[in-house]
1. Students often get this wrong: which residues of segment 443-471 have the backbone nitrogen under 17 Å from the point 7 angstrom along Cα-to-C-beta of residue 371?
2. How much accessible area does residue 468 have with a 1.4 Å probe, in Å² rounded to the nearest 10?
3. Using 0.36 nm times the number of residues separating residue 115 and residue 527, minus their current alpha carbon distance, what extension gain do you get?
4. Going highest first, how would you order 238-247, 263-272, 509-518, 168-177 by mean Cβ packing within 10 Å?
5. In whole percent, and with a 1.4 Å probe on the protein chains, what portion of the accessible area of the chain is carbon and sulfur?
6. If you take the alpha carbon radius of gyration of segment 310-451 and divide it by 2.2 N^0.38 Å, what ratio comes out, to two decimals?
7. Counting only residues 5 or more places away or on other chains, whose amide H sits under 5 Å from the amide H of residue 30 once H atoms are built in the peptide plane?
8. I'd like the projected area of segment 465-618, averaged over all directions, using the convex hull of its alpha carbons. Report it in nm² with one decimal.
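The values are calculated or read from the model by the stated rules, or taken from the named source; none is laboratory data. These figures come from a predicted structure and were not determined experimentally. Glycine also receives a Cβ, built like all others from the backbone with ideal geometry; neighbour counts cover every protein chain displayed. We work out accessible area using only protein heavy atoms, side chains counted, and drop any ligands, DNA or RNA first. Shrake-Rupley method; radii C 1.70, N 1.55, O 1.52, S 1.80 Å.
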Amino acid sequence: MNVIAQHRPKVSPERDPSTLSNYYNFKVHHTTLAFEVDWEKRILHGSSTIELEATTNVSEIHLDTSFLDFGSAAINGENAQFKFGEQGILGSVLQIVCGSEIPLGTKFSLELKWNTTEKCTALQFLDKNATDGKREPYFFSQCQAIHARSLLPCFDTPAVKSPYTFSVKSSLPALMSGRPAGVEGNKYKFEQPIPIPSYLVAIASGDITKLPIGPRSHVYSEPSRVGACQHEFEHDMENFLQEAENLVFPYEWDQYDALVLPSSFPYGGMENPNASFVTPTLISGDRQNVDVIAHELAHSWSGNLVTNCSWEHFWLNEGWTVYLERRIQAAIHGDATRHFSAIIGWSDLENSIKAMGDNAGRYSTLVQDLKDRSDPDDAFSTVPYEKGFNLLFLIEKKVGGTKVFDPFIPYYFNKFKYSSLDTYQFIDTLYDFFKDHKKQLDEIDWESWLYKPGMPPVKPEFDTTMVDQCYNLADKWVNAVKKGEDLSSIFRPSDIEVFTANQSVVFLDTLASFNKLDNFQWKDHQDALHVIDQVYSAYSNSSNAEVLFRWFVLQVGGENRKFYDRLGQWLGTVGRMKFVRPGYRLLDTVDHELAVKYFHQFESGYHPICRAMVKKDLGL
Ligand code: BES
Ligand code: ZN
């Protein structure tokens, strides 16, 4: 535990380095946030009233902003002077000068008016042709990690929470991250009584309609595919909710709804409260991507009730969420399913750390170091998810398995709900709860887990029942290829017909992982890649993005030229960064020119965050 003492911050929870605000001088009691959509100009007119309390004597209020067209600030109704800092990676600080010093303990209100601009990184406006139904334009937000500041002036840190009253005036149906509270003409109202951080403020508007997917759940989407969305989720939704409640405690947010966005949505899912935003790639007709819904739902406890206090401790959000997501799956499908997902996760982790190259030293630690005020989006990777999951999985095992570990779950979530914490508070709580297991907890190599780059110090023993078939088929291929056997007489399309999408993922990941082992490289076996393509032609037409992406990794990674343009074209149809970024990187490794050509062709359709990341990746 000495290592931890050495890293322990002077203030608890640790200060957030990714905000320019002086948030630690205030408590936020309530925020009223109103928007009006200008579809012509593709901007929002915003106004807010923030009910604040000074927690020290203050003479200035510093808020985060980024590319806002700012109008006015008033304190208790009196206009206030303000100035802006320079725009940098973390945006531009808005410094509001209080007429006279505000003494500690004073409650006051701050009223703000502004417009968003075309440089807003949180919003994407889509022309009607970029939507599924092609009838109306659309726009949506994505604020995590630090894009809320380009949508509204705020304390843009997960350390600050506020309940909200939201409203939006739009000529099209609109959603925000709260409970629907009525529609007055073209004004859509929402209440969020539970305090939430700025990154969970969300808004979308377009040709949106809804259907029920459970007793307390709806799916929202464009009318053209709302039926398909309902079919995809209705089978699992309420089961997920009940299993999550069994694990933690009752769902506090009232309704759980999901909004299926147009394809440029840059993530698989985003846990916006009362309205998770999800990618349309989940709608594959086979209910094989519902794990993303289990994940976003699990955030209702880990992340949305109990929140990381800064992006350095992001693993507390995502590691816990992956842990809960897999426990939900285990409760429904058995523990072998949890191990199966964990095996896929472990291999994702290996691939992602490998792909970091020289940056692994910096970005593959569980606790991140963002004190140089770099962009938290740059640090985003599988590491907080899978290293975080594996740490919790190890703790579960050390204390004696799920029976012993489980009472800790409600205890922890109850202790920190409505607040934000750092890794040290988590560990203190763990040791405090498991006083009788101190010896076992001390066996954990905390220094490596928390601060060392690379793979975790120990690999768990996973139950491989569900992957053995996939491993065996992959071994059979590689051995046959190495021996120069007649592949088309050995393998059959039926080999993979029994596989679930995730089993295909494991099979293809395993095939690709043979690269470089024993001096084996797929690119030296073009004939074999062609035979695999013939026998398993179903993979080329897979409607499952996870499967199709791995297929490209195998074929393009093996330098089968036939697939270069196919991958390029596919990258014009997906917006999820999980595929877009590694997709361009993959194409870049075999043909830089082609990667750049396709990027320029599709660039305007990508979300601003995605466009910026791919540009960095391709060195443009
Ligand atoms: N909160 C994340 C998405 C996110 C993280 C957005 C950081 C911006 C910055 C969300 O819950 C998530 O993890 N989505 C995953 C899906 C999941 C099943 C692992 C994704 O988008 O792939
Ligand atoms: Zn998540």
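1. 450-453
2. 60
3. 142.5 nm
4. The most tightly packed comes first, giving 263-272, 168-177, 238-247, 509-518.
5. The nonpolar share, carbon plus sulfur, comes to 48 percent.
6. Against the compact-globule rule of thumb, the ratio is 1.06.
7. Residues meeting the criterion, in which the H sits 1.01 Å from N, are 51.
8. Projected area, direction-averaged: 9.3 nm².
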